Amino acid sequence: MKRASDWMDATERVREQLPLALTGLSYAEDHIEDWDYATADTKSHTHCYHIYPAMMIPQVARRLIRLYGRPEGTLLDPFCGSGTSLVEARLAGMHAVGIDLNPFAVFLARAKTTCFDLGAVVQDANALRQGVEHLLKQGVSIEPPRFFNIDYWFKPEARTDLALLKHAIYTYTAPSTRDFFLVAFAATVRESSNTRRDEYKLYRIPTSELLHYRPQVFPTFWERVGRNLRGLAEFLAECVQRTWVHVIEGDTRLKIPLEDNTVDLIVTSPPYGDSQTTVAYGQFSRLLLQWLGFEDKIAKSIDRRTLGGQKRAARVVYHSPTLNQTLDTIHAHHPNRAAQVKQFYDDFSECFLEITRVAKPESYACFVVGNRTVKGVRIPTDLILIEIASCFGWKHFTTYHRRIPNKRMPLRNSPSNKLGELCETMTQEHIVILRRE
Ligand SMILES: C[S@@+](CC[C@H](N)C(=O)[O-])C[C@H]1O[C@@H](n2cnc3c(N)ncnc32)[C@H](O)[C@@H]1O
């Protein structure tokens, strides 16, 4: 029988980044000029649970909270994705609200910010291990879910094992710990699918490689459970228990379910505007959602519903000379692409109505953005954001720049959505700090 200490044997990390600024002490890191964190461990705490496209790195969220946050205040991430800033808020002693329209992001962000009872999780992990062994010994077979193209994306043995594993999770774990195991299950779905691991989009492993590919559902799952338990232990040791988190599935354009003037700090990385081409949150999440039991049509509609995903009339008036200039250049040769880019910024501007309504006067908003390229034209989102925000009562405070040192973003992508057609993607991020007037 495994005990918590066995699962956690490698957890003795150096706790280098305690929430000092929020307790009023100065912190050496605030004097570091560099925001790159090229060699930093980005998988500490519950950040190790699951990957997600274009994740913010925890060190950036942590530092922004130290610099601009307030103890016991409320942090909002209106595009929370996997919940990086929400996890960091709890570690730093702030309450947090996250919004995302992708149900997989919401599921993951909730799990990452939950203080699961470690003893109960270990107990259920042991029960689950015995349960799985029992089911396998008995030769129990569970019908895999039926969704479009499941045979294309999963080998027969992966389908059978995943179906049995999911059944076992629902049979042998308590509702209070279940999501911890379902996150490890989701990671296992991805790892044992026929998708290429170096892509966020749904591309299949080439047929020649598939012949030799042997998905390892159970070993993968147990490896994930062990790793996530270490992350959970680390999170529990540092999480400020009196803090609370709400993660809401919703569209930031439409409604942020908070009262006026209640948010002390915004830390967020909005979509880049290329969900249809490069950073496809929906494609990344589709198989995971289908295995988790979400409706097919929800799983398939995410990229269409994301900012800039479909044509709709602008609801707000804003003015950005930099955007106009950029659109003119793209429009000269590619009018359709210019219209798509404009749609993204129309949608993005709309979010400012709600973001501004809930932010307290004199509070800060930290936006981590990248300047992507469309048809060879670089779009300076960092400048466009400042111009748009100024129309809603935000003043530019400062901008930090960071090089993207790791493979969190694909280094090359296919802007035309064709596999094999490559072009350089972003190698820099800009952290734009705005202050509400
Ligand atoms: C760059 S990702 C955020 C990643 C996050 N910072 C993390 O560390 O995982 C942007 C997120 O915005 C979400 N999103 C796009 N349009 C949205 C909208 N209208 N309302 C709420 N969320 C939206 C996407 O689903 C995606 O999860």
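The values are calculated or read from the model by the stated rules, or taken from the named source; none is laboratory data. Model, not experiment: these values are computed from the prediction. Here Cβ is always computed from backbone atoms with ideal geometry, including for glycine, and neighbour counts include all displayed protein chains.
Which condition from (1) near the ligand (Cβ under 10 Å from one of its atoms); (2) surrounded by fewer than 19 Cβ atoms within 10 Å (Cβ to Cβ) is the one that Val267 breaks? The failed condition is (2).
Residue by residue, here is whether (1) part of a loop (DSSP other than H, G, I, E, B); (2) away from the ligand (no atom under 12 Å from the Cβ) holds:
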{"site": "Leu75", "(1), (2)": "no, yes"}
{"site": "Phe79", "(1), (2)": "yes, no"}
{"site": "Val87", "(1), (2)": "no, no"}
{"site": "Arg90", "(1), (2)": "no, yes"}
{"site": "Phe107", "(1), (2)": "no, no"}
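Here segment 282-309 is the region considered, the condition is being assigned to a loop (DSSP other than H, G, I, E, B) and in contact (Cβ under 8 Å) with a residue 24 or more places away in the chain, and the residue that is surrounded by the most Cβ atoms within 10 Å (Cβ to Cβ) is Thr306. Filter segment 354-373 down to residues that are at pLDDT below 95 and surrounded by fewer than 20 Cβ atoms within 10 Å (Cβ to Cβ) and give me whichever is farthest from Val267 (Cα to Cα). Only one residue fits best here, namely Thr373.
Just wondering, is there one or more residues in segment 287-307 that are within 14 Å of the ligand (Cβ to nearest atom), under 24 Å from Val60 (Cβ atoms) and not assigned by TED's automatic domain parsing to the domain that holds Ile51? Yes; the residues of segment 287-307 include at least one that is within 14 Å of the ligand (Cβ to nearest atom), under 24 Å from Val60 (Cβ atoms) and not assigned by TED's automatic domain parsing to the domain that holds Ile51.
Of all the numbered requirements in (1) over 28 Å from Phe397 (Cβ atoms); (2) of a type outside the set (A, V, I, L, M, F, W, C); (3) modelled with pLDDT of 90 or more, Lys300 misses one, and that requirement is (3).
Filtered by the rule that a residue be within 17 Å of Leu232 (Cβ to Cβ) and of a type in the set (Lys, Arg), segment 37-95 gives Lys43, Arg90.
Could you count how many residues in segment 217-259 are more than 30 Å from Arg312 (Cβ to Cβ) and surrounded by 15 or more Cβ atoms within 10 Å (Cβ to Cβ)? Final tally of qualifying residues: 24.
Determine whether Val317 is assigned to a loop (DSSP other than H, G, I, E, B), more than 30 Å from Ile65 (Cα to Cα) and among the aliphatic types (A, V, I, L, M). Explain how you work it out, then say what you get.
Details: assigned to a loop (DSSP other than H, G, I, E, B): yes; more than 30 Å from Ile65 (Cα to Cα): yes; among the aliphatic types (A, V, I, L, M): yes.
Yes; evaluated as a whole, the condition is true for this residue.
For (1) among the charged types (D, E, K, R); (2) within 30 Å of Pro257 (Cβ to Cβ), each residue gets a yes or a no:
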position: Cys80; (1), (2): no, yes
position: Val87; (1), (2): no, yes
position: Met94; (1), (2): no, yes
position: Val97; (1), (2): no, yes
position: Ala109; (1), (2): no, yes
position: Thr114; (1), (2): no, yes
position: Leu135; (1), (2): no, no
position: Arg146; (1), (2): yes, no
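Please specify each residue of segment 57-73 satisfying the condition of being near the ligand (Cβ under 9 Å from one of its atoms) and among the small types (Gly, Ala, Ser). Lay out the reasoning, then the answer.
So in segment 57-73, the residues near the ligand (Cβ under 9 Å from one of its atoms) come out as 57-58, 61.
Of everything in segment 57-73, just one residue is near the ligand (Cβ under 9 Å from one of its atoms) and among the small types (Gly, Ala, Ser), namely Ala61.
For segment 430-437, the criterion of a residue being of a type in the set (D, E, K, R) and at pLDDT below 95 is satisfied by at least one position. Within the bounds of segment 239-249, is there any residue that is at pLDDT 95 or above, away from the ligand (no atom under 16 Å from the Cβ), basic (Lys, Arg) and assigned to a helix (DSSP H, G or I)? Within segment 239-249, none of the residues are at pLDDT 95 or above, away from the ligand (no atom under 16 Å from the Cβ), basic (Lys, Arg) and assigned to a helix (DSSP H, G or I). Of the helices (runs of 4 or more DSSP H) entirely within segment 111-214, those holding at least 3 residues that are surrounded by 19 or more Cβ atoms within 10 Å (Cβ to Cβ) and assigned by TED's automatic domain parsing to the domain that holds Arg230 occupy 118-138, 156-172, 178-191. Kindly provide the set of residues from segment 84-101 that are in contact with a Ser or Thr (Cβ under 6 Å, 6 or more places away or on another chain) and buried (at least 24 other Cβ atoms within 10 Å of the Cβ), ordered by number. Across segment 84-101, the qualifying residues are Leu86, Val87, Arg90, Ile99.
Per the conditions (1) more than 14 Å from the ligand (Cβ to nearest atom); (2) under 18 Å from the mean Cα position of the chain (by Cα), the sole criterion not satisfied by Thr220 is (2). Criterion applied to Thr252, Thr188, Thr207 was being away from the ligand (no atom under 16 Å from the Cβ) and at pLDDT 95 or above, and the one residue passing it is Thr188. Within segment 356-383, the set of residues being under 23 Å from Met55 (Cβ atoms), in a helix (DSSP H, G or I) and touching a helix residue (DSSP H, G or I) at 6+ places or on another chain (Cβ under 9 Å) comprises just one member, Thr381.
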